[in-house]
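Nothing in this text is a laboratory measurement; each read-out follows from the coordinates by a stated rule. Worth saying up front: this structure is predicted, and the values here are computed from it rather than measured. Heads up, the Cβs are rebuilt from the backbone with ideal geometry, glycines too, and the neighbour counts pull from every protein chain shown.
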């Protein structure tokens, strides 16, 4: 349950070390701010159950045989003979998200130059007014290095905005009534934060939200205190450390003005007519989106990464994306981003005897029988060895496909002019004339000679000259353009087709 909110929009004062920290907020509450986040910190809650609990065992840093296994995945650095970093289940505090917390050292509280302790804090979150040379510390408690728990977090996206959330409290306010102070370093130098003493069982600690821009693929998250400088200052108790993306931050936290929105996207953008594409959103710091796809279907979307945007007509089309986080926004329009290729040339299938011919000129072909792929059938023609329904898929130079279908093909049959008769063409390929040879002359029956192109269109009807021996005819085809043709010889109800090439 949310209690009291105090916030600080962090401004770098006289230092560039904090230039990438955008905001610091703190809440007077124990429960989590953002639920169900993908925590990039390992064992952030200090609740490892894979090894025996080592209650109240002091740890002298650097890591020693007394290192408490329940704060494994965190590295203990600095410190001295009198410093300690332990894992406690004492009820100094109340944290909804877990039973245990890391307990290490005494938070320091240095004086101000003027001696006025009110100058130490400008909000409940961050301390200022620290004199040069502080923090001071005794060697037994780590000297100027203090005592730290740290963890290197990897897998970050440089330029993206992340949120570090954690809970900090202290020992019973009766024994240690004054606030403590500890250092947080996430890669930009120390920021000094307050931690109040926490009453046993019922006390409320502070929940911190630190918003920052990643500058590398990994950042070292480091919490530091400087030992027993202040006899009345509370100990530092740390729990529920979580690092997650800005998109996962609870909407109850005000938008950080420094988290500027940058929109960017990518998609397969050269496609065939009648196909669809999917967009991948690469935007930074945006929480809502408005897409526009002129010429596409659908033409608009509010999805983060829209899928199934389809384009039916060849041409070039723009894509626009508007991203916002409620405070700032950004717009990106890429003109002619989507290229839809021209329609591939139409296809057809012509049968000549047992051979099926598709239109030539495609980059590749694939034949199918009854919907099943025919292995190795990748030419523009195919000899049908089985009866059934055939189709061919032709692919052009843009990898776009077009299909043609022929049904009820009867294999194993060779049409003839009459029983026992056959036809042959020579030469083939032909330059200007070829001879049509027949096994015998079928006198008294009219014969017709027709020539078709590969689209099945009748080109000409020819009247060949009969040979003297009656075994064939000479046909002049010099008027035809170069290409593939079909000669149809018909006699009564019978007909036969022969394929030839005109050079």
- prompt: Debye sum, Cα scatterers, segment 349-409, no solvent: what log₁₀ I/I(0) at q = 0.14, 0.23 1/Å?
  reply: -0.33, -0.88
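Efficiency by 1/(1 + (r/R0)^6): what FRET value for residue 282 and residue 150, r their Cβ-Cβ distance, R0 = 25 Å, to the nearest 0.05?
Details: r = 31 Å, r/R0 = 1.23.
Efficiency for this residue pair is about 0.25.
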task: For residue 304 paired with residue 453, estimate the spin-label separation in nm (one decimal), with each label point 7 Å from Cα along the Cα-to-Cβ line.
output: 5.5
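If you count, for each residue, the other Cβ atoms within 10 Å and average over each peptide, how do 309-322, 364-377 line up from highest to lowest?
On the way: 309-322: 16.6, 364-377: 14.2.
My ranking of the peptides, most packed first, is 309-322, 364-377.
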message: Once you place label points 7 Å from the Cα toward the Cβ at residue 175 and residue 395, how far apart are they in nm?
response: 7.5
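Tell me the Kirkwood radius of segment 265-340: reciprocal of the mean inverse pair distance over distinct alpha-carbon atoms, in Å. Spell out each step's value before the answer.
On the way: mean 1/r = 0.0802 Å⁻¹.
Kirkwood radius, segment 265-340: 12.5 Å.
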- prompt: Sorted from fewest to most neighbouring beta carbons within 10 Å, what does the list 356, 484 look like?
  reply: 484, 356
- request: Would you calculate the separation in nanometres between label points at residue 360 and residue 297, each defined as 7 Å from the Cα along the Cα-to-beta-carbon direction?
  value: 3.7
- request: Provide the FRET efficiency to the nearest 0.05 for the residue 339-residue 38 pair, computing r from the beta carbons and using R0 = 30 Å.
  value: 0.25
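Over segment 265-340, what is the relative contact order in percent, taking alpha-carbon pairs closer than 8 angstrom and at least six residues apart?
Working: 170 pairs, mean separation 25.1, N = 76.
33 percent.
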